[in-house]
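Structure first, commentary second.
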Amino acid sequence: MPRSRSSEPNDTLVPVPTRFFITSGKGINKTSELNAFDLALLQARIGDQNLISVSSVLPIGIRQVDRQPLRRGALTHCVLARHGGGEGEVVSAGIAYGFRSDGQGGYVAEAHIHGTQKSLKEFLKWRMEEIAHFRGVELRRIHYRTEELVIPMDHYGVCIAACVFLP
């Protein structure tokens, strides 16, 4: 049987998220940065999921919702910003997101720095402006979710921020 020559992709085979939520957290631990990361995920309430990293396109028609409970072990697609460090360091991680002014979806940018949330927000703003510029589009208002952590002596720390996609 010949294949269809339609220019539209076959959406029945490819899942497209219809909702998303933004979450964040931070964790401090004496043992390891990995344990601090686990604590940050738990604080963000995505610590019992199997996270799948995806890039940063908001599909047409997607809507933001409040944080949703997720089944333990669920395969969970997200854009994840993560940054960790050791004693005395200041680390930040964050997400910026915005919708196109033409109604054709939107974009998410993730970033992390050794530094403050204020500096991170400036960087995220620049990234979102670049995303729009590369595509020749305008974005409506840009939204931000950032975390900052000053890591205490003799500890490890991690900040995260995530855009979690839902069916």
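The values are calculated or read from the model by the stated rules, or taken from the named source; none is laboratory data. Model, not experiment: these values are computed from the prediction. Glycine gets a Cβ as well: all are built from the backbone with ideal geometry, and neighbour counts include every protein chain shown.
Quick notes
- Condition check for Val65 on (1) surrounded by fewer than 18 Cβ atoms within 10 Å (Cβ to Cβ); (2) more than 18 Å from Pro167 (Cβ to Cβ); (3) among the β-branched types (Val, Ile, Thr): one failure, at (2).
- When segment 110-130 is filtered for residues that are crowded, with 19+ Cβ neighbours inside 10 Å and of a type in the set (S, T, N, Q), only Gln117 remains.
- Which listed residue, of Tyr97, Tyr107, Tyr156, is crowded, with 22+ Cβ neighbours inside 10 Å, more than 22 Å from Arg45 (Cβ to Cβ), at pLDDT 95 or above and not basic (Lys, Arg): Tyr107
- Meets criteria (assigned to a strand (DSSP E or B), under 18 Å from the mean Cα position of the chain (by Cα) and either under 15 Å from His83 (Cα atoms) or not polar (S, T, N, Q) (or both)) for Ala132: no
- Residues located in segment 42-67, provided they are among the aliphatic types (A, V, I, L, M) and closer than 14 Å to His77 by Cα: Ile46, Leu51, Ile52, Val54, Val57, Leu58
- Number of the condition not met by Leu139 [criteria: (1) over 25 Å from Ser32 (Cβ atoms); (2) hydrophobic (A, V, I, L, M, F, W, C); (3) under 17 Å from the mean Cα position of the chain (by Cα)]: (3)
- Flag if Gly73 is small (Gly, Ala, Ser) and at negative phi: no
- Inside segment 18-53, residues that are part of a loop (DSSP other than H, G, I, E, B) and either farther than 23 Å from Leu166 by Cβ or touching a residue at least 12 places away in the same chain (Cβ under 8 Å) (or both) make up a count of 9.
- Across segment 142-151, the qualifying residues are those that are β-branched (Val, Ile, Thr) and surrounded by 18 or more Cβ atoms within 10 Å (Cβ to Cβ), and the one among them that is nearest to Leu39 (Cα to Cα) is Ile151.
- Unique match (being buried (at least 16 other Cβ atoms within 10 Å of the Cβ) and not aliphatic (A, V, I, L, M)) among Pro59, Pro17: Pro17
- The residues of segment 81-92 that are under 17 Å from Asn35 (Cα atoms) and either free of Cβ contacts under 8 Å to residues at least 12 places away in the same chain or part of a strand (DSSP E or B) (or both), listed by number, are Ala81, Arg82, His83, Gly84, Gly85, Gly86, Val91.
- Options Ile151, Ile95: the member that is of a type in the set (A, V, I, L, M, F, W, C), within 18 Å of Val57 (Cβ to Cβ) and in contact (Cβ under 8 Å) with a residue 40 or more places away in the chain: Ile95
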